[in-house]
Amino acid sequence: MVKALRVVLELHWGYSVKHPFFSASQPSFRFPPPTTLIGALVFAIASRRNGVEILAESDGLYSYTAGLLNDVPWATCRVLNIDPRLLIETRDLSRVLIAPYVRSDNVYPGSQYLWAVQTHGKVYAPILTLDVVYMVKGSSVKDIARYAWGITRAGTKESIVSVRSVELLDINTIVDNIVETNYGFPRSLAEPVKGVYTETRLPIPSREWYRLGAVRDANLFLDDYVMPVDVVTVRIRDIGIALRVGDVGAVIVPREVVEHG
């Protein structure tokens, strides 16, 4: 059984979701990617269940998220109260000011704390509202819905959110190849044919993405992600499928999410 879990989140100042490509400078993704949306829910689940964040498997260490991908295999969202084209990353120095090597009393010839200043990316959008739809399945669907009220952040620990509503909705497969949606989706699943949208590259959920120290080329896990400004007409690709979620509209998900559900 596959259900749609709809969670409406209100962000207080905006968010910061770090790119995995950098060690010093830390730019942010433009939108909270599906991986972050799933991670936000899984963090709430782990906090209630056992507090474990790392899984030790026979082939290595994984984020606890990897262990719950069977229960929460997909997530998407739409922006409710602002044109998503206005969500622009900025970078500042606010977080590194607490580092000892930035303090003026450590800046002198021979200081072991001399270090280049780094920038930290974030998207400022006070009272931004995200309408998030999770695909959930298994015997613990109702428990997962209750845990969703415990979502506290979408990105870094400073990216604080408030949960405005949580509801479980039925889904129905849309057989038409051309559908309308206002929720985000990867281009690998569908091709926009009409409507206004913005686009960026975001990580897409997979078990290997959450394996610690295993990803050598993060670009292999990224896809061009379409964020509709309003309603976009799309053509579904072979690996994608359109689902009607309650009375809120259509979402595009990987076909395997439903076929293996």
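Restricted to the range 45-65, and to residues there that are in contact with a strand residue (DSSP E or B) (Cβ under 9 Å, 6 or more places away or on another chain) and of a type in the set (A, V, I, L, M), the residue that is farthest from Thr200 (Cα to Cα) is Ala56. Tell me yes or no: at least one residue of the range 221-228 is at pLDDT below 95 and under 25 Å from Gly121 (Cα atoms). Yes: one or more hits.
When residues of the range 172-189 are filtered for being surrounded by 14 or more Cβ atoms within 10 Å (Cβ to Cβ) and either in contact with a Ser or Thr (Cβ under 7 Å, 6 or more places away or on another chain) or under 10 Å from Ala250 (Cβ atoms) (or both), how many remain?
First pass over the range 172-189, keeping only residues surrounded by 14 or more Cβ atoms within 10 Å (Cβ to Cβ): 174, 179-189.
Those left that are additionally either in contact with a Ser or Thr (Cβ under 7 Å, 6 or more places away or on another chain) or under 10 Å from Ala250 (Cβ atoms) (or both): 174, 179-185.
Of the residues in that region, 8 qualify.
Looking at the range 29-41, can you tell me whether even one residue there is polar (S, T, N, Q) and within 21 Å of Pro228 (Cβ to Cβ)? So that I can check it myself, show each step before the final result.
Residues of the range 29-41 polar (S, T, N, Q): 35-36.
Next cut, within 21 Å of Pro228 (Cβ to Cβ) only: 35-36.
Yes, some residue in the range 29-41 is polar (S, T, N, Q) and within 21 Å of Pro228 (Cβ to Cβ).
The rows are residues; the columns are (1) among the basic types (Lys, Arg); (2) out of contact with any Cys (no Cβ under 6 Å at 6 or more places or on another chain); (3) under 30 Å from Ala56 (Cβ atoms); (4) modelled with pLDDT under 95.
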site: Gly150; (1), (2), (3), (4): no, yes, yes, no
site: Arg187; (1), (2), (3), (4): yes, yes, no, no
site: Asp230; (1), (2), (3), (4): no, yes, no, yes
site: Ala242; (1), (2), (3), (4): no, yes, no, no
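Restricting the first member to the range 237-248 and to residues that are part of a loop (DSSP other than H, G, I, E, B), and the second to residues that are surrounded by 15 or more Cβ atoms within 10 Å (Cβ to Cβ) and acidic (Asp, Glu), the beta-carbon pairs closer than 8 Å and six or more apart or on different chains are Val248/Asp131.
Taking only the range 79-99 into account, find how many residues are at pLDDT 90 or above and of a type in the set (Lys, Arg). Working first, answer last.
Taking the range 79-99 first, the residues at pLDDT 90 or above are 79-90.
Add one more test, that the residue is of a type in the set (Lys, Arg), and what stays is 85.
Count: 1.
The set of residues from the range 130-142 being over 14 Å from the mean Cα position of the chain (by Cα) and touching a residue at least 40 places away in the same chain (Cβ under 8 Å) comprises Val136, Lys137, Gly138, Ser140, Val141.
Taking the range 1-101 as the region of interest, the strands (runs of 3 or more DSSP E) fully inside it that hold 1 or more residues being at positive phi, surrounded by fewer than 20 Cβ atoms within 10 Å (Cβ to Cβ) and in contact with a Lys or Arg (Cβ under 7 Å, 6 or more places away or on another chain) are 60-63. Can you spot a residue in the range 246-259 that is at pLDDT 95 or above and touching a Cys at 6+ places or on another chain (Cβ under 9 Å)? No, because not a single residue in the range 246-259 is at pLDDT 95 or above and touching a Cys at 6+ places or on another chain (Cβ under 9 Å).
Please pick out the residue among Arg164, Arg211 that is loosely packed, with under 14 Cβ neighbours inside 10 Å and either over 20 Å from Glu89 (Cβ atoms) or in contact (Cβ under 8 Å) with a residue 24 or more places away in the chain (or both).
Working: Arg211 fails: loosely packed, with under 14 Cβ neighbours inside 10 Å.
Matching residue, one of Arg164, Arg211: Arg164.
For the range 125-146, the tally of residues that are at pLDDT below 95 and in contact with a Ser or Thr (Cβ under 9 Å, 6 or more places away or on another chain) stands at 0.
The values are calculated or read from the model by the stated rules, or taken from the named source; none is laboratory data. None of these values were measured; they are calculated from a predicted model. Note that each Cβ is placed from the backbone with ideal geometry, even for glycine, and that neighbours are counted across all protein chains shown.
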